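As structure tokens, the structure follows; a few thoughts come after it.
The values are calculated or read from the model by the stated rules, or taken from the named source; none is laboratory data. Remember, it's a predicted structure, so these values are computed and weren't measured experimentally. So basically every Cβ, Gly included, is an ideal-geometry build from the backbone, and we count neighbours across all protein chains shown. To get the accessible areas, we keep the full protein, side chains included, count just its heavy atoms, and leave off ligands, DNA and RNA. Shrake-Rupley method; radii C 1.70, N 1.55, O 1.52, S 1.80 Å.
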Amino acid sequence: STANAPEDDAPNRYSRTERTTYSRYSRDANSSGSSLPSNTLENRIEELERELAKERQENARLMKMAQDKEELIGKLKEEIDLLNR
């Protein structure tokens, strides 16, 4: 059950990150909105969204690897216990 705990936190972590990124971006846009055209900001947002999607995929891949390794460790511990008996 502990292996699933990080996955349960993932949606909350992402939403917090997105809110932080959005609010930070909004502040930057408001403070310098006159110096940057809106299409530049839209392009930057799209770029950051693509980067976020890639990072989410990498995070999911790494979480799956960690979970697989935890399962393997559990199986190997069971095997060690059997061999010790």
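Points to keep in mind about this one:
- Local net charge near Asn39, Cβ-Cβ under 13 Å (Lys/Arg +1, Asp/Glu -1): -2
- Exposure check, 1.4 Å probe, all protein chains in place: Arg50 carries approximately 140 Å² of accessible surface.
- Magnitude of the charge dipole, region 38-84, Cβ model with Lys/Arg +1 and Asp/Glu -1, debye to 20: 60 debye
- Residue-wise HN-Hα couplings along region 36-53, as the Karplus relation 6.51 cos²θ - 1.76 cosθ + 1.60 with θ = phi - 60° gives them from phi, are 10, x, 4, 5, 5, 5, 5, 4, 5, 4, 4, 4, 5, 5, 5, 4, 4, 4 Hz; Gly and Pro carry x.
- Partners for Lys64 among lysines (Cα-Cα distance below 18 Å; same-chain residues under 8 apart left out): Lys54, Lys75
- Solvent-accessible surface of region 38-84, averaged per residue with a 1.4 angstrom probe and all protein chains in place: 89 square angstrom.
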